[in-house]
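See structure below.
Where a number appears in this text, it was derived from the coordinates with a stated rule and is not lab data. All values derive from a computational prediction rather than experimental measurement. Ideal geometry is used to build each Cβ from the backbone, glycine not excepted, and the neighbour counts take in all protein chains shown.
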Amino acid sequence: MSSYVWAPIFLAVCLFVVVSLQVLVAHLIRGKNKKRISELNSKLGQETRARQLCVENYQQLEKEKLALSNELALARPSKRLVAIAKNDATDIQDAVIVSGVQFRNEIENHKRYVDFAFAIFNQSVYEISIDDKLGDGDIIFDKQPLVGVKRIEENKAQNVQPRTSSSFMVRQHLDSGDIEAIKNATGDRRFEFHHLKIKIKGGSDFEEIIQEKKLQFDSGLSKEYPTYIYYNGPFRSRFNSSICGRINAVYFKRDFDIDNSIPLKDNRYIFYFILHTYIANHGAPTGIDRFRLVLKANGEPYEAQRLPLTGCRWIRSDAEENLSERDIESENDVTLTDTRRGWLQFVVHGVREIEDESALEIALDVIDKDQDLNRLNSLADSKWIENSMKQESYINGPAIWQQF
């Protein structure tokens with residue numbers, strides 16, 4: 001075979017060998033580079049983890065430093081803080097303010113006791129509690145001690161936190177003489193608490209400290225002025241609601257009460273009342289649980305029942321108003337933070353025949369969600385409107401208001 005034939009074959013073989021060697025070298029270099037990159041990534045990951053660990057260790061050291069600083073500060077408090085703590089511990093009764101009291105005349109509800117709801121404010125640096133047992137002393141009425149059993153009820157003042165308020169109630173049971181004295185008392189007859197003591201004790205982990213405190217007030221309470229505020233500081237409006245208001249108008253009607261009358265012996269009457277009321281809350285926001293009306297006739301109290309205002313209209317010469325649309329109790333679940341106006345209807349059954357109509361009285365109470373009683377200013381019976389279509393304004397509605 002001639003050289004012309006082998007030459008191309010030889011060149012092809014050489015070219016193949018060269019290309020193969022190049023491919024092999026490239027493969028080896030690529031493999032080496034992958035290994036190097038993997039090694040670099042691994043090293044970078046280790047350095048990243050190391051830096052993260054350093055950051056975490058630094059943060060932990062800062063926390064331990066802060067904790068140690070706090071412990072040192074607590075271990076070496078200022079002399080002023082030490083003095084305050086010692087004073088509160090030894091004279092805790094001076095750091096607890098009895099900020100107010102409210103008289104609840106349960107005699108009007110045919111009970112043989114009266115209640116006094118006390119509000120307190122804890123100004124000490126410790127938790128405090130009011131003991132469930134009263135200390136020595138009496139409740140005085142008209143300069144005479146009430147002799148019945150008295151005890152603390154509804155004691156919410158347990159583990160009261162520093163700078164917060166709470167309350168408890170003292171229930172004074174009465175004998176027949178005390179009941180008559182209170183029922184017949186005029187405005188200048190007052191309850192006094194100067195000689196009655198409560199026991200104030202430390203709260204959690206501080207129970208060994210117990211001190212007595214007199215329920216001392218600058219002036220006493222009367223039936224006409226049943227609430228007394230001893231301290232009018234900034235916490236009062238923050239922690240306590242303060243509902244007040246008045247009865248703007250009273251429409252009434254009376255009928256013979258057949259169901260409760262005894263023929264030839266005892267005539268009884270039914271009284272219907274529709275009231276226009278105004279209420280305001282100048283303290284902490286609160287909700288209203290219900291309204292309560294008590295009619296006093298012939299010196300005897302009668303508690304009323306609430307009636308709906310369905311179908312009742314207030315008619316004036318120039319306009320009419322649907323009272324059910326302005327039923328003030330329809331907003332009981334709406335938090336009272338300002339003022340509110342509206343109407344209420346009540347019925348009183350079994351009222352004995354009136355001997356002196358000028359002595360009729362009504363008392364309207366707003367009972368809030370904490371079951372605190374707030375009495376509204378009443379309207380003299382001389383200003384009540386006996387419902388009649390002959391009046392310039394009157395109530396028209398269900399049959400009880402149409403039978404004139």
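Side notes on the structure shown:
- Looking at segment 368-404, the trypsin sites (Lys or Arg not before Pro) that sit in a DSSP loop and have at most 10 other Cβ atoms within 10 Å of their own Cβ are Lys390.
- When each of Leu307, Leu11 is scored by the number of other beta-carbon atoms lying within 10 Å, the sequence from fewest to most is Leu11, Leu307.
- Segment 278-404: C-alpha gyration tensor shape, a/c 1.5 cut-off, then a/b vs b/c: oblate
- Relative contact order [Cα under 8 Å, 6+ residues apart], segment 241-402, whole percent: 33
- This ranking places His349, His276, His110 by how few other beta-carbon atoms lie within 10 Å of each, fewest first, which gives His110, His349, His276.
- Ranked Met169, Met389, criterion: other C-beta atoms within 10 Å, fewest first: Met389, Met169
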